[in-house]
Amino acid sequence: MQQFKTYIFRLYPDCDQKKKLNSFLGTTRFIYNHYLDVKENNPSLTFYEMKKDLPNLIREYPWLQEIDGCILRTTIDNLENSYKRYYQKLGNKPNFKKYSQAESYRTNYLEGITANHVKYQNIKVDLVNRTIKLPKIPEIKIRGYRKLTSFAKKIINVTVKRVAGKYYANVLVSESIEVPPFTPSLKMVGIDLGVKTLMTTSDGEKIENIKDQLARYERKLKGLNRWLARSKEGSKNREKIIIKIQKVNQKIRNAKKFYNYIKINKILKENDVVFLENLKTKEMIEKGQHGLAKYISNSNFSDIIDKFKYKAKILGKKVYQVSTYFPSSQICFSCGTKDERVKNLSVRKWECHKCHSLNERDINASLNILVEGTNLYFKDLDKEMKLYLENLERELKLI
Ligand SMILES: [Zn+2]
């Protein structure tokens, strides 16, 4: 399978090269602003017509001949994309670009055969001499990918960036990768986060709260607070108690962190895709039934969700959250009937009034989350595939 990949090299231009890079970046801004102005005054003008107008612009500003011509066209593409995003309500109205710390230009790869039958390439990455050749700029020193010794890849384009005085080249390539055969064992799991049981997985695993351990710390805190109340303001003793209280609080925080971390790691190692709820913790605390509020904030759902997301990124796993409004607890997994009675958190087991399945609250919810999440996952895959194909088409058009 062909796959797009971006290699990012840090550039070390000499003085002349720096001047050129800066002038190319400045030109990008100039072209963008020029055609933005033209478009604002003449909205019916198409981007295709702008590209056709480029030779006129070069006649008007002869110094544009010094610039890699491709940049002029890709800048108009960028302007077009800005407008597209704006029309689709995905972005703000295109603005005039000012000089900024972060600027970029994009140039496309071209190759051909010269009259002397020599292969000509406008962009060349040489990993023996550690240089990159960009259109109209001689070999610039690069750094990055020390283990790579050759760059036999199909280059599509290069985006040159200047960020806070440093220069980078993002080299987009198309390379073939070996796709592992589809494994039907791609493991997915739904997880119900709960007050009574912290996590219940759709595999039936239950992960308990660290309630007991925390309760011990809380008792200690209570005692210390009593001491504190009795101690004299400003006394050494009071200071000592305050330090002790801080230490217990730190222990509580650590216990929460560590405990969840191990459990989350284990789930992510055993599964490829994890589905969670999208909880409004605060709302739950406020509306929580008697005595539950404290435990809900203790188990700190949003922290758990954040940890899942963070760790999944590192392990190359995926995490999805079903909608806040998805009533995972109230739907009977067997027949799909919704039962409002189950809203009450004290209902741990219930019999579906339609299919008479006996449902265990948390397991039933985690199974519903698994099914709902799987739908999200496949929708996402479709989107990714569509985006990939669109990109491919766009890149092929530009070549
Ligand atoms: Zn049912």
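The values are calculated or read from the model by the stated rules, or taken from the named source; none is laboratory data. Treat the numbers as computed from the prediction; the structure is a model and nothing was measured. With ideal geometry, Cβ positions are generated from the backbone for all residues, glycine too; neighbour counts draw on all protein chains shown.
Let's see how each residue does on (1) closer than 16 Å to residue 275 by Cα; (2) assigned by TED's automatic domain parsing to the domain that holds residue 194; (3) more than 18 Å from the chain's Cα centre (by Cα):
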site	(1), (2), (3)
307	yes, yes, no
318	yes, yes, no
328	yes, yes, yes
332	no, yes, yes
337	no, yes, yes
346	no, yes, yes
355	no, yes, yes
375	yes, yes, yes
395	no, no, yes
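Is region 152-162 home to any residue that is at pLDDT below 90, in a loop (DSSP other than H, G, I, E, B) and in contact with a strand residue (DSSP E or B) (Cβ under 6 Å, 6 or more places away or on another chain)?
Yes - at least one qualifying residue is present in region 152-162.
Given 130, 146, which one is without any contact (Cβ under 8 Å) to a residue 24 or more places away in the chain and at positive phi?
Selected residue: 130, the only one of 130, 146 that is without any contact (Cβ under 8 Å) to a residue 24 or more places away in the chain and at positive phi.
Being over 16 Å from residue 204 (Cβ atoms) and not in a helix (DSSP H, G or I) narrows it down to one of 334, 346, so name that one.
Unique residue meeting the criteria: 346.
Checking the conditions here, which among 159, 200 is touching a residue at least 12 places away in the same chain (Cβ under 8 Å), in the same structural domain as residue 74 (by TED's automatic domain parsing) and either closer than 26 Å to residue 371 by Cβ or polar (S, T, N, Q) (or both)?
Criteria check complete, one pass: 159.
Considering 83, 99, which residue is touching a residue at least 40 places away in the same chain (Cβ under 8 Å) and surrounded by 10 or more Cβ atoms within 10 Å (Cβ to Cβ)?
Only one candidate passes the filter, namely 83.
Of everything in region 341-370, what is away from the ligand (no atom under 14 Å from the Cβ), surrounded by fewer than 18 Cβ atoms within 10 Å (Cβ to Cβ) and not polar (S, T, N, Q)? Give them in sequence order.
Correct list: 343, 345, 347, 348.
Going through region 130-180 one residue at a time, which ones are under 10 Å from residue 8 (Cα atoms), surrounded by fewer than 13 Cβ atoms within 10 Å (Cβ to Cβ) and touching a helix residue (DSSP H, G or I) at 6+ places or on another chain (Cβ under 8 Å)?
Within region 130-180, no residue meets the criteria.
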